[in-house]
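Visitor: After the structure tokens below, expect a handful of questions from me.
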Amino acid sequence: MAHRSGNRKVRGSRTGRPVMVLLDLLGRRMTLRVLWELRRVDGPLTFRALQKTAETNPTVLNARLRELREAGLVTRDEGGYRLSKSGGELVDLLLPLHRWAESRARGRG
């Protein structure tokens, strides 16, 4: 993941450390939803299909896809958008957090 510096601020951090850059990106509106929807499919999703499944507007989706591509988490080819290898690794790391949250929501935590 690229290190932000100079005029690109990272919320909650003066240092711009990689973990803070990642948490800043993941905390943005629709970022996790886009990653989650791309995780659920075997092949690429077109912009329109991703917009429909993520239930978002094109302006927000364009911004998130641009940021996710810059971070190396999403790629785009002739078929559409998909998780990159790094994006897939990140989603795999988030799955235990998802399971933990689900169990807490069911009152088993």
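Visitor: Calculate for the chain the 222 nm mean residue ellipticity that helices alone would give, adding -39,500 (n - 2.57) per DSSP H run of length 4 or more and normalising by residue count, nearest 500 deg cm²/dmol.
Guide: Only helices count here, giving -17000 deg cm²/dmol.
Visitor: At each listed q (0.10, 0.12, 0.24, 0.27 Å⁻¹), what is the log10 of I(q)/I(0) that the Debye formula gives for region 18-105 modelled as equal alpha-carbon point scatterers?
Guide: Computed log10 I(q)/I(0) values: -0.23, -0.34, -1.30, -1.54.
Visitor: Can you tell me which of 49-60, 33-44 comes out highest on packing, and rank the rest after it, using the mean Cβ neighbours within 10 Å?
Guide: Averaged packing, sorted descending, gives the order 33-44, 49-60.
Visitor: Let me ask something else. Could you tell me which helices of the chain pass both thresholds, a Cα extent of 15 Å or more along their own axis and a mean Kyte-Doolittle hydropathy of at least -1.0, with helices taken as whole DSSP H runs?
Guide: For the chain, where a helix must reach 15 Å along its axis and average at least -1.0, the hits are 58-70, 85-105.
Visitor: Right, something else. Determine the relative contact order of the chain: mean sequence separation of Cα pairs under 8 Å and six or more apart, normalised by residue count, in whole percent.
Guide: Over the chain, the number comes to 22 percent.
Visitor: Which of the listed residues, THR46, GLY80, ALA101, is farthest toward the dipole's positive end in the chain, when Lys, Arg count +1 and Asp, Glu count -1 at the beta-carbon?
Guide: ALA101
Bear in mind that the values in this text are calculations on the coordinates, not laboratory data. Small disclaimer: the values here were computed from a predicted structure and weren't measured. FYI the Cβ positions are ideal-geometry reconstructions off the backbone, even for glycines, and counts take in every protein chain you see.
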